[in-house]
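The values are calculated or read from the model by the stated rules, or taken from the named source; none is laboratory data. Note that this is a predicted model, so its numbers are computed, not measured. For neighbour counting, all protein chains shown are included, and Cβ atoms are generated from backbone atoms with ideal geometry for every residue, glycine included.
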C-alpha cells in the first residue's frame, strides 16, 4: 500500500522541485545552445586578427542577417571564430569570410561570401587562406599616436641634415630632393607638439564615439520605432484628413445653399449690435439707476408671501389732536 502524498516527507519533494525549476531556468536562458530546440548549424572561420568582434555579433550573407557569432578563441597565431547559421541559406564548400565594419563607431559583423556548388558541411572551418580581417580605424589612430610619440624628431632632423651635407656634391636634382627632405624634417620637428596634440585629440574623439556607440544605437532604434508607429497610424491619419476635407466641403455647400437666408439674418444682427453700441451709455445709466429700486423691491418681498412696506403720514398719531 503506497503512502499518501500528504504523508510523505516534504524535504526531498522540495529539493526535487527546486532542482526541476533550476533546470527549466537554465534551459530557458541557454535555449539557443541546446541541440534540438536551439536550431541552426554550427561553423567556424579562422582569421589572422579579429579585434573588435564580439560574441553575439551578426553573421550576414549579401547584407542579410543569417546567424550570429557564438564563440571567439585564440589558436596560436590565428583566431577561431565559431558561428551558428539560423536561416535556411546555402553557401558552397569554397566559401570565404571577412570581418567588416557595421557602424562607424566600431561595431563589426562576419560576412560570408558563398563560393562553390552544394552546401558546406556542418561543423566545417573556413581556413585562414579564405578569410580577410577588418581594418579598424580607431586602432590605427591609437597605434599612430603611440608610434609618433616614440619618435625623436630632433634626432630625425639631425640625421636628415647629415644626409644632406654628405650628398652636397651630388648632382643638382639629388641636392634639390635632399634640400626638400631637409626642409620637411625641420618643419616636422618645429610642429612636433602640434602634431602630437592633433593625434591625441583624434584618438580622444574616436574613443568618445566608440563609448557612445550604445547611445547612438538607441537613438537610431527609437527613431525607427517612431517611424514604424507613424507608418502603422498612416491609415488613421489619412482617414482624419479625408474626413476633415469632406466636412469643409459640406460646410461650404451649406453656406452656399443658405446664403440668401443667412445674408439678411446677419445684416439684421449687425443692425441690432450697432443700436446697442449707440445706446451703450444709456443702458449703463439705466442699470445703475435700477440698483436702489431693485434692492428696496427685494427687501419688500424677501420676508415671506406678503409685501412688507411702510407709508409715512397716512394716519394721525394718538394724542396729537388739539396740540
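Points worth noting:
- In segment 260-276, the residues that are in contact (Cβ under 8 Å) with a residue 40 or more places away in the chain form no Cβ pair under 8 Å with any partner that is surrounded by fewer than 10 Cβ atoms within 10 Å (Cβ to Cβ), whether six or more places apart or across chains.
- Test: residue in segment 44-59 that is closer than 30 Å to residue 219 by Cα and part of a strand (DSSP E or B): yes
- Verdict on residue 229 being more than 20 Å from residue 155 (Cβ to Cβ), out of contact with any strand residue (DSSP E or B) (no Cβ under 7 Å at 6 or more places or on another chain) and in a helix (DSSP H, G or I): yes
- Segment 66-75, residues that are surrounded by fewer than 17 Cβ atoms within 10 Å (Cβ to Cβ) and without any contact (Cβ under 8 Å) to a residue 24 or more places away in the chain: 71, 72, 73, 74
- Residue 52 being farther than 22 Å from residue 123 by Cα, modelled with pLDDT under 90, surrounded by fewer than 16 Cβ atoms within 10 Å (Cβ to Cβ) and touching a strand residue (DSSP E or B) at 6+ places or on another chain (Cβ under 9 Å): no
- Taking (1) over 30 Å from residue 108 (Cβ atoms); (2) at pLDDT below 80 in turn, residue 215 satisfies each apart from (1).
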